[in-house]
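Undergrad: Pasting a structure here, questions to come.
Bear in mind that the values in this text are calculations on the coordinates, not laboratory data. In this text the structure is predicted, and so the values were computed from the model without any measurement. A quick note on method: Cβ atoms are made from the backbone with ideal geometry, for glycine too, and the neighbour counts reach across all protein chains shown.
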Amino acid sequence: MAHKTKYTLAKLAELLDAKLTGDGQCEITGLATLKNAKPGELSFLSNPSYADQLKSCQASAILIDEKFLDSCPGNKLVTSIPYVAFAKATALFNQSPLPSIGVHESASVDTSVVLGKNVSIGANAVLAANVIIGNDVEIGAGCYIGEGANLSDGCKLHGNVTLYHRVILGRNVEIHSASVIGADGFGFAFDGSKSVKIHQLGTVRIGDNVEIGACTTIDRGALDDTEIGNGVKIDNQVQIAHNCKIGEYTIICGCAGIAGSVTIGKYCIMGGGSGAVGHINIVDKVQVSAMTLVSQSIPEPGMYSTGTIQAKTSQWKRNAIRFQQLDSIAKRLKEIENSTDK
Amino acid sequence: MAHKTKYTLAKLAELLDAKLTGDGQCEITGLATLKNAKPGELSFLSNPSYADQLKSCQASAILIDEKFLDSCPGNKLVTSIPYVAFAKATALFNQSPLPSIGVHESASVDTSVVLGKNVSIGANAVLAANVIIGNDVEIGAGCYIGEGANLSDGCKLHGNVTLYHRVILGRNVEIHSASVIGADGFGFAFDGSKSVKIHQLGTVRIGDNVEIGACTTIDRGALDDTEIGNGVKIDNQVQIAHNCKIGEYTIICGCAGIAGSVTIGKYCIMGGGSGAVGHINIVDKVQVSAMTLVSQSIPEPGMYSTGTIQAKTSQWKRNAIRFQQLDSIAKRLKEIENSTDK
Amino acid sequence: MAHKTKYTLAKLAELLDAKLTGDGQCEITGLATLKNAKPGELSFLSNPSYADQLKSCQASAILIDEKFLDSCPGNKLVTSIPYVAFAKATALFNQSPLPSIGVHESASVDTSVVLGKNVSIGANAVLAANVIIGNDVEIGAGCYIGEGANLSDGCKLHGNVTLYHRVILGRNVEIHSASVIGADGFGFAFDGSKSVKIHQLGTVRIGDNVEIGACTTIDRGALDDTEIGNGVKIDNQVQIAHNCKIGEYTIICGCAGIAGSVTIGKYCIMGGGSGAVGHINIVDKVQVSAMTLVSQSIPEPGMYSTGTIQAKTSQWKRNAIRFQQLDSIAKRLKEIENSTDK
């Protein structure tokens, strides 16, 4: 279905499971925001605060919740969660290149590799001994797949991804370029004068429908495996250290860093640039705001933060210097309260 | 001009557009700081606080502002901004390897690719269908250039860079190794039980004279494009999410993370490890200090900060615990003030 | 010795330099934590707080300090630092793939390259002119080694590593995938309207027994070299800017970012996500906690921190707003104290 760039509204209603109000023969050739849409395009209203843009919107049709029906002139595709319908529509209008099925002549595939049906192996990709590749798997140019790695059906690796030996990917895992799955966890024992390497004997197990961004690293476990649950979405530049367990459907935003042996529950959101120190537990449905450091386990769902709020540096500095006196300030205040009480 | 390693001072004065005071036949074979310079080397005074090193400096000549002329014995190249003249001199003494013109026999170049004049395509580089390469472009070993990407004249990609499909580079863009331009923006719609991928239909447009460090990621836009202005300089390990607009000549230091749909003005500096949350605007000439989180739009030029100042952990902890009581402290103080007023 | 997966306890005692108490003929086939160990496995007690797990542990033997001898039933390997003995045991049970000695037919090795004995060059690796490779060096698939780089005996580069020209690695340096050593430092001189590049004429010198994680970047120096001391261990996603000097045996955890010209002493630990601003000095034996920014030189050993402690966002916000009033709070408190004193 992808790579077709024109649909009638009637067809879109069917494909997006929406109710059509208006001209079913109207042709849609693309997607756009309410603000930028031109005739021929389909837009959507997700955030109600944009509802005032409906009237001036040039789109030929709009994905919309039933309750905004009356505020919206023209063609409509009515659906319960317009943003989800919009997401599905992006798949229909997606024009990313289709893979060439087959093994590129410049790829280096060990004779012991097992290849599924309908597989695409890009130029200069390298598959080491005993790799197992499922059906409909796409491996981009320049990828390196280490010995004994196992990629289930429908996986897609963009160019220059590295999987170390014995890494296991579930179905439909997508990994973006320059990411590295299964490098050694960072483990050393200090003998009094130097760090002795703890070889990392575990691996990484990734569930189904996981997406991993670019330049992201997930380390192999020391003794047990590092585990990423089904449906987890991980952005770019994320570091997940050895022996972490990330619960199903959790979202980890760009530049987050999760130290070793951290357990994160299901349906959590780790904000951009957030961090977690090692060996802590975070329960289900926790949200951590951007650049927050989680330094203790979180036993209760909710949203958590650290840090201060931006200010002009001159003003910030005066306050930051006072932070260094905060314990003293608190004690002096207590003293005054005590003396006043008397 | 590069790769010559010896110049007379007279020639350097000409090349650097500086005024010579001293022996024009003196030969210069390298560059060094005031402190480390040896005879035969050229040094520079940029920061006035190093002026006291002028007298003991062993350099054969010094790039200097007119106002320090009298404090400086020996040969001088007088120029209005010595640091800029020094920068130009580094180009003259640069000995990085010159590219081999032509397409390496191991590169995989699709038959539909258009190559300009004087192009160098490194070993095992892969150029997909419909890529357009301008004149004097250098593509390092192991790079992957996705379908329909367009590289203007003078671009230089170091080894193992990845450009996704349809990415557009202006003239003289330099990108360091393991960086990824055009990977999917991190966009999902939550349907109540799982994240539905929003395919990223835009691309990335990069202006002229942009430099991008190593292991940096710039994501393609969801509907519109991500845009990087002319003359922007981006360091290593930076993440720029989908639909950001980065204004001309802005500098983004290492490890900074910019969330989606952020607009940053011209001539800004985002400090190392700084962050910006999504959908905010930062005007021209804003500086953000290291590891500062910008969580609200910045409507005024100036320097901004968040965080606290380093302290011994034991002392820091006492204050950080009091931070948790800060609202209560402020209220109790107000109460005392009120009671005192009476 | 690696890749054998079964040892008698007597043999292990010999190999790990431990004193055997129990059945020397007992066969050990793997390693596990006290909690997860099954019969046939060797475990270890390092952290005394786990001592209560000794009695129920299913392991066939335990690496243990003499002082816990009586709390531990069954076979024991007694050693002064059990964690170090455990680290050594991981090397014995390590099953990472062994390299194929020789140059893969798809690798591109310049005719001027000097190769030591017992070298493994992976598929599609590229070695530029005048590279020097010591004995027992392993270069993974897809690596790019720039002109004149020098790798001493025993170095191991995993797949897709990039070394720029003239980078120098000491003995037994291990570098994980997608890391980039020797890219240009981030140096520009501002000429009033644009940034003029300062070409980076130095290189990177890495000592012996250094390990570098995945997606880590270490930039080449501007004039002098960037230097990493012997025995330094660097995790994933770390950025080390130009002209840093990192002292011997220092540990840099994941996502840390060290700005230009920073000197860090010996036996330091930079926590995960920590940062250091440019041109500062940190003495030996300093520990910096996770996500701490070091913005001033540290002249004394000890542990240092910045930031605040996690709280529910609603509560955090109330306190963070008060932080903006902290200087005023301090002044008002002082005023009350003054008036009370009267």
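Undergrad: Report D for the stretch C:7-93 in µm² per second (integer): Stokes-Einstein, Kirkwood Rh on Cα pairs, 4 °C, 1.567 mPa s.
TA: For these conditions, the coefficient is 106 µm²/s.
Undergrad: Is it possible to state the helix-based mean residue ellipticity at 222 nm for chain C, with each DSSP H run of 4+ residues giving -39500 (n - 2.57), the sum divided by total residues, to the nearest 500 deg cm²/dmol? What is it?
TA: -4000 deg cm²/dmol
Undergrad: log₁₀ I(q)/I(0) of the stretch B:105-247 at q = 0.10, 0.16 Å⁻¹, via Debye over equal Cα point scatterers, no solvent, to two decimals?
TA: Computed log10 I(q)/I(0) values: -0.31, -0.76.
Undergrad: Additional query: Report the antiparallel proportion of the DSSP beta bridges in the stretch C:102-304 as a percent, rounded to a multiple of 5.
TA: Taking every DSSP beta bridge within the stretch C:102-304, about 5 percent pair in antiparallel fashion.
Undergrad: Which net charge results when you count Lys and Arg as +1 and Asp and Glu as -1 among the other residues whose beta-carbon is under 12 Å from that of A:Asp191?
TA: Its environment carries a net charge of +2.
Undergrad: From zero outward in steps of 10 Å, how is the percent of C-alpha pairs of the stretch B:209-266 spread across the bins?
TA: Reading the bins upward from 0: 28, 62, 10.
Undergrad: Sorted from fewest to most neighbouring beta carbons within 10 Å, what does the list A:Asp17, C:Asp184 look like?
TA: Fewest to most other Cβ atoms nearby, the residues stand as A:Asp17, C:Asp184.
Undergrad: Now, a different point. Averaged across B:245-257, how many Cβ atoms of other chains sit within 10 Å of each residue's Cβ atom?
TA: Per-residue shielding by partner chains comes out at 5.
Undergrad: Something else about it: For chain B, evaluate the Debye formula with one uniform point scatterer on each Cα (no solvent term) and list log10 I(q)/I(0) at q = 0.12 Å⁻¹, rounded to two decimals.
TA: So the normalised log intensities work out to -1.01.
Undergrad: Please report, for B:Lys334, the nm distances (one decimal) from its label point, 7 Å out from Cα along the beta-carbon direction, to the equivalent points in the remaining copies, shortest first.
TA: 2.3, 2.3
Undergrad: Enter the mean number of other protein chain beta carbons within 10 Å of the beta carbon of each residue in C:105-117, as an integer.
TA: Mean inter-chain Cβ contacts per residue within 10 Å come to 2.
Undergrad: Pick from A:Glu66, A:Glu105, A:Glu300 the residue whose mean-square fluctuation is largest in a GNM of chain A, springs joining Cα atoms under 10 Å.
TA: A:Glu66
Undergrad: With Cβ to Cβ distances under 12 Å as the rule, what net charge do the other residues near A:Cys244 carry (K, R +1; D, E -1)?
TA: Summing Lys and Arg as +1 and Asp and Glu as -1 gives -1.
Undergrad: Is the shape of the protein assembly as shown rounded, prolate or oblate, going by the alpha carbon gyration tensor and its root eigenvalues a ≥ b ≥ c, with a/c under 1.5 for rounded and a/b larger than b/c for prolate?
TA: rounded
Undergrad: How shielded is A:270-280 by partner chains, expressed as the average number of their Cβ atoms within 10 Å of its Cβ atoms?
TA: For peptide A:270-280, the averaged partner shielding equals 5.
Undergrad: Report, to one decimal in Å, the Kirkwood hydrodynamic radius for the stretch C:97-159 based on all distinct Cα pairs.
TA: Computed over the stretch C:97-159, the radius equals 11.0 Å.
Undergrad: For C:His165, C:His176, C:His279, B:His242, what ranking results if the residue with the fewest other Cβ atoms within 10 Å of its Cβ goes first?
TA: Lowest count first: C:His279, C:His165, B:His242, C:His176.
Undergrad: If you build a Gaussian network model of chain C, linking Cα atoms that sit under 10 Å apart, which residue out of C:Glu211, C:Glu248, C:Glu41 swings the most?
TA: C:Glu41
Undergrad: In the neighborhood of C:Asp225, defined by Cβ-to-Cβ distances under 11 Å, what is the net charge if each Lys or Arg adds +1 and each Asp or Glu adds -1?
TA: +1
Undergrad: Can you give the Kirkwood hydrodynamic radius for the stretch A:253-342, in Å, rounded to one decimal and based on Cα pairs?
TA: Hydrodynamic radius (Kirkwood, Cα pairs) of the stretch A:253-342 is 15.5 Å.
Undergrad: Relative contact order for chain C: what is it in percent, counting Cα pairs under 8 Å that are at least 6 residues apart?
TA: This gives 7 percent for chain C.
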